[in-house]
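Remarks on the structure that follows.
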Amino acid sequence: MLPNKINVTLAISEKATFDKVSSIVKSFKDVGTIKNALDYQELKSFTELADKNQFFIIDLTSEKFQNIKAKAQDIATNYDKNVIFLINEELRSDKNLSSVGENLLDQKFRLIELTSLISDLRSESGSDYFPITINNFYKVTTFPCDAYIKLGVDKYIKVAHEKESIEDDFIQKYKSKRVESLYVKDADFYDKCTELFADKIANVDLFDTKEEFIRKSQEILHDMVKDLGVTEHIINQVTESLNVVEEELNKPELKKVFDLFNKQKGTFIYDHSYLTLMFCNILCKHMDWESKQVRDKLAMASMFHDLGIENPKKAFYEGAGKQNILSMNKELSDEILDHGKVIAKLLEEDENLPQEVINICLNHHEGLGPDESYPKGNSGVSITQLECVFIVAHAFVLELYKIAFNTKKIQKAYDAVAEKYSSGNFKPVVQAFSVALEEEIKPNM
């Protein structure tokens, strides 16, 4: 007989995949808590618990979790097959996975495939409705199907019809009422909702102008950072600094950088650059570095640092660590390892751009020594404290993506950064971040 509730552990790095999987998992009536493992070590600790009341969905295509494949058979056996492994074509022939075939699912699965597999493994049917985070509806111009809000345990009311135009006012109205998700019927979820789990923050076609699209993308990012405890004061500081960035980009010698910057708006590169600037400002506040000059330098570095990566989707791999990046195909690894040098060279064409900005862009993956840092392999004593501020803020943002911006796990995201950057010029920065976390971020969440 099945237990009343089963707890689910996800191990998924890509946000779009996480959104899709978590929506499906939440629809099952017997699901209790849902956690997302930060890394291989945390996932390994979960799998070693003698807890039969546990279900796993593990993305083996992620660099972070590939090492778990050697334990695939043991995990499937220990948990009575309550585990699903997401794989790609390359992994399909892996000998470690040959005996768990019924637990394998292609990473590019259709929605109904995962639901059916969970149902088969759990002998449980899902709910008639699936929750979808309300901001995801900015990704399409019309409702892909009828949408509902939840009023009680089994009570739903329709608030939008299929093919009805999506308006900003509609979404804002329900967000003001603290509605976090809209619900769709299960058949519609399978057949019509794939686009709601795209990587983009919003669909440019939803807006009359690119300026309006960028404004709305910024607003969604504002909502995200407010959920993470960032104050309105910091958001206003960042907005002022971004105006300086735009002015700087009007210089003829930065035409190439300007074109790259415009191209990346609305992508992962722009979004995580913006978030990096937010946390740079928080760190500066708690290190008594609140001068406008410092903030403006960090703003330029935040918005320029990843423009050496041509494909925005590749930027997510930059925090994987040098050894993991070297194990990727050469074209990808070369682009990731060289992106700091590429943008630094472009920025050097403007003789008046502060050298600190160029150095931050060049060195934003330094500080961990020759084994894990690139491009030069410097340690924490070989880089400036301003560079350390940027590196810590940048690393924290990448951790936030790994936990899918789950505010309940924000301490773990901080811990992951503090563990890595604990020596040299990083020490006072991490200490300031610890104070900010306890005194400013957590109380505002």
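The values are calculated or read from the model by the stated rules, or taken from the named source; none is laboratory data. No experiment lies behind these values; they were computed from the predicted model shown. Every residue, glycine among them, receives a Cβ derived from its backbone with ideal geometry; neighbour counts consider all protein chains shown. For the accessible areas, the whole protein counts, side chains as well, though only heavy atoms, and no ligand, DNA or RNA atoms are used. Shrake-Rupley method; radii C 1.70, N 1.55, O 1.52, S 1.80 Å.
Looking only at the range 333-351, decide whether some residue is in a loop (DSSP other than H, G, I, E, B), open to solvent by less than 10 Å² (accessible area, probe 1.4 Å) and modelled with pLDDT of 90 or more.
Of the residues in the range 333-351, the ones in a loop (DSSP other than H, G, I, E, B) are 348-351.
Next, from what is left, pick out any that are open to solvent by less than 10 Å² (accessible area, probe 1.4 Å): 350.
Narrowing the set further to residues that are modelled with pLDDT of 90 or more leaves 350.
For the range 333-351, residues in a loop (DSSP other than H, G, I, E, B), open to solvent by less than 10 Å² (accessible area, probe 1.4 Å) and modelled with pLDDT of 90 or more: present.
One residue is enough: does the range 385-403 have a residue meeting the conditions open to solvent by 20 Å² or more (accessible area, probe 1.4 Å) and either in a strand (DSSP E or B) or over 28 Å from residue 10 (Cα atoms) (or both)? Yes, because at least one residue in the range 385-403 is open to solvent by 20 Å² or more (accessible area, probe 1.4 Å) and either in a strand (DSSP E or B) or over 28 Å from residue 10 (Cα atoms) (or both).
Among residues of the range 415-436 that are closer than 16 Å to residue 319 by Cβ, those with a beta-carbon under 9 Å from a residue that is hydroxyl-bearing (Ser, Thr, Tyr) and assigned to a helix (DSSP H, G or I) at least six positions away or on a different chain give the pairs 418/434.
When you scan the range 252-272, do you find a residue that is in contact with a Phe, Trp or Tyr (Cβ under 8 Å, 6 or more places away or on another chain) and outside any helix (DSSP H, G or I), even just one? Among the residues of the range 252-272, at least one is in contact with a Phe, Trp or Tyr (Cβ under 8 Å, 6 or more places away or on another chain) and outside any helix (DSSP H, G or I), which makes the answer yes.
Determine whether residue 373 is open to solvent by 40 Å² or more (accessible area, probe 1.4 Å) and part of a loop (DSSP other than H, G, I, E, B). Talk me through it step by step, then tell me what you get.
On the way: open to solvent by 40 Å² or more (accessible area, probe 1.4 Å): no; part of a loop (DSSP other than H, G, I, E, B): yes.
The answer is no for residue 373.
Here 63, 48 are screened, and the one residue that is acidic (Asp, Glu), more than 17 Å from the chain's Cα centre (by Cα) and closer than 22 Å to residue 100 by Cα is 48. Inside the range 300-332, residues that are outside any loop (DSSP other than H, G, I, E, B) and under 16 Å from the mean Cα position of the chain (by Cα) make up a count of 9.
Identify, from the list 6, 34, 12, the residue that is surrounded by 15 or more Cβ atoms within 10 Å (Cβ to Cβ) and either at pLDDT below 85 or over 30 Å from residue 154 (Cα atoms) (or both). Outline the logic, then answer.
Working: 34 fails: either at pLDDT below 85 or over 30 Å from residue 154 (Cα atoms) (or both); 12 fails: either at pLDDT below 85 or over 30 Å from residue 154 (Cα atoms) (or both).
Going through 6, 34, 12 in turn, just one is surrounded by 15 or more Cβ atoms within 10 Å (Cβ to Cβ) and either at pLDDT below 85 or over 30 Å from residue 154 (Cα atoms) (or both): 6.
A Cβ distance below 7 Å, combined with a sequence gap of six or more or placement on separate chains, defines the contacts here; from the range 32-49, residues that are more than 21 Å from residue 401 (Cβ to Cβ) reach residues that are modelled with pLDDT under 85 and not in a helix (DSSP H, G or I) in the pairs 32/5; 32/6. Scanning the range 225-251 for residues being part of a helix (DSSP H, G or I), open to solvent by 40 Å² or more (accessible area, probe 1.4 Å) and not charged (D, E, K, R) gives a total of 4.
For residue 17, state whether it is of a type in the set (S, T, N, Q) and in a strand (DSSP E or B). Quick ask: steps written out before the conclusion?
Working: of a type in the set (S, T, N, Q): yes; in a strand (DSSP E or B): no.
So residue 17 fails the test.
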